[in-house]
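First up is the structure itself, then whatever we jot down about it.
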Amino acid sequence: MYKPKILVVEDDPAITNLIRTTLDTQEYQYHTAKNGAEAITDAVSYNPDVIILDLGLPDMDGVEIIRKVRGWSSVPIIIVSARSEDQDKVEALDAGADDYLTKPFSIDEFLARLRVALRRSRAGEAAAPSQSAVYQNGRLSIDYAGGCAYMDGKEIHLTPIEYKLLCVLAKNTGKVLTHNYILKEVWGTALTADIPSLRVFMATLRKKIETDPSSPKYIQTHIGVGYRMLRQ
Ligand code: CA
């Protein structure tokens, strides 16, 4: 499967590390540049699907980078900047940026904006999951239209929450989903206090789909992060 390529342009090592750690939890490739000159070279040679750009760089203003990149490319550009004035946002957006996030930013919001940008990029189009009505993964299958899940063709009796949980994981097979992401998708809220109940539902779901729930093959735990559905 194609992994979208993200170019991260940022001179603050702490923010770069935060973005790296965040991207490592997803199925993305990335490359980092710490100044404007590197950014422009990498925008050509790395051929990214999305550029994450800081405005305050040591050698040139981010807005200048946007103008230069826009000279030959329509790659989505997301600004991540400490500048929160409307004028700065307007200038960056007018220069050709697609989106703007103000530091400090939430990881979930950052990833959501990134997904939007990727959907717009050519990689997003190529990597978009097919709108198949039936999900098949090893012995497990889900009939999305019918709202049923099967193991070896035999229906599994799931509660509505367990079914939703299974669908969120299945629709993101191969990706590590954070607790917050899952809580938001299944319950519509992302309260850290709800993580223990998520664990309880995950345990009951595992009992129904895993041959040995103590060593799960389908749903993998990422301690302190979340869960991932593995392709069998
Ligand atoms: Ca900076």
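Screening 40, 15 for residues that are within 20 Å of residue 101 (Cβ to Cβ), assigned by TED's automatic domain parsing to the domain that holds residue 74 and among the hydrophobic types (A, V, I, L, M, F, W, C) leaves exactly one candidate, 15.
Set side by side, the residues 170, 203 differ, and just one is at pLDDT 90 or above, more than 24 Å from residue 24 (Cβ to Cβ) and open to solvent by less than 50 Å² (accessible area, probe 1.4 Å), which is 203. Cβ-Cβ distances below 8 Å connect the following pairs, each with a first residue in the stretch 171-193 that is hydroxyl-bearing (Ser, Thr, Tyr), a second residue that is open to solvent by 60 Å² or more (accessible area, probe 1.4 Å) and not in a helix (DSSP H, G or I), and a separation of six or more residues or different chains: 173/231. What are the residues in the stretch 89-112 that are open to solvent by 60 Å² or more (accessible area, probe 1.4 Å) and touching an Asp or Glu at 6+ places or on another chain (Cβ under 9 Å), if any? Matches in the stretch 89-112: 93 only. Return only the number of the condition from (1) outside any helix (DSSP H, G or I); (2) β-branched (Val, Ile, Thr); (3) closer than 19 Å to residue 137 by Cβ that residue 182 does not satisfy. Only one criterion is unmet by residue 182, namely (1). Taken over the stretch 24-57, the criterion of being farther than 15 Å from residue 80 by Cβ, among the small types (Gly, Ala, Ser) and open to solvent by 30 Å² or more (accessible area, probe 1.4 Å) is satisfied by 37, 45.
The values are calculated or read from the model by the stated rules, or taken from the named source; none is laboratory data. Every value quoted in this text rests on a predicted model; they were computed, and no experiment measured them. We place every Cβ from the backbone using ideal geometry, glycine too, and count neighbours over all the protein chains shown. These area figures cover heavy atoms from the full protein model, side chains too; ligands, DNA and RNA do not enter into them. Shrake-Rupley method; radii C 1.70, N 1.55, O 1.52, S 1.80 Å.
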